[in-house]
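See below for the structure under consideration.
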Amino acid sequence: MRAYLTSHAAKLHERQFGWKTFCVLTVTTDQHRMESMMEALRKLRIPHSPGAPLFFFTTRDELRAADPLMHEWRDGNGRAVRLI
């Protein structure tokens, strides 16, 4: 997570790919693991990075039951988000 935040803060995504922004999709084993990852993410402090909202989380089981684009992911702060 630190590497993604540092890369974003350095705007590597713009220089290398021409992207204005990106998000990091994270699929994990269960709700407990997802919450511990979000907690660890919120503790990271990388200057000029977007922080926790850069990451979207879900579990394998939740994603299996849904269309990934319409699925309700959780950002690093726990807010519900959709890809489209």
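The values are calculated or read from the model by the stated rules, or taken from the named source; none is laboratory data. Small disclaimer: the values here were computed from a predicted structure and weren't measured. For neighbour counting, all protein chains shown are included, and Cβ atoms are generated from backbone atoms with ideal geometry for every residue, glycine included. When the accessible area is computed, the model is the full protein with side chains, heavy atoms only, and any ligands, DNA or RNA have been set aside. Shrake-Rupley method; radii C 1.70, N 1.55, O 1.52, S 1.80 Å.
Figures for the structure shown
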item: Largest to smallest principal axis extent of the C-alpha atoms in region 15-58, angstrom; result: 36, 21, 12
item: Candidates per trypsin sites (Lys or Arg not before Pro) in region 3-33, loop by DSSP, up to 15 other Cβ within 10 Å; result: Lys11, Lys20
item: Carbon/sulfur fraction of accessible area - the chain, other protein chains in place, 1.4 Å, %; result: 54 percent
item: Under 5 Å, built H, 5+ apart or other chain: amide partners of Phe55; result: Val24, Gly76
item: Solvent-accessible area of Met1 with every protein chain in place, 1.4 Å probe, in Å² to the nearest 10; result: 70 Å²
item: Cα-based Rg / Dmax (Å) for region 37-84; result: 11.8, 37
item: Chymotrypsin sites (Phe, Trp or Tyr not before Pro) within the chain, DSSP loop, no more than 10 other Cβ atoms inside 10 Å; result: none
item: Shape metrics for the chain, restricted to C-alpha atoms - Rg then Dmax, Å; result: 13.1, 37
item: For region 23-40, Karplus couplings with θ = phi - 60° (6.51, -1.76, 1.60), whole Hz, Gly/Pro x; result: 10, 10, 8, 10, 10, 10, 6, 7, 4, 4, 5, 4, 5, 5, 5, 5, 5, 4
item: Average Cα contact separation per residue, the chain, under 8 Å, 6 or more apart, as relative contact order %; result: 29 percent
item: Selection of trypsin sites (Lys or Arg not before Pro), region 39-84, meeting DSSP coil and at most 15 other Cβ within 10 Å; result: Arg45, Arg79, Arg82
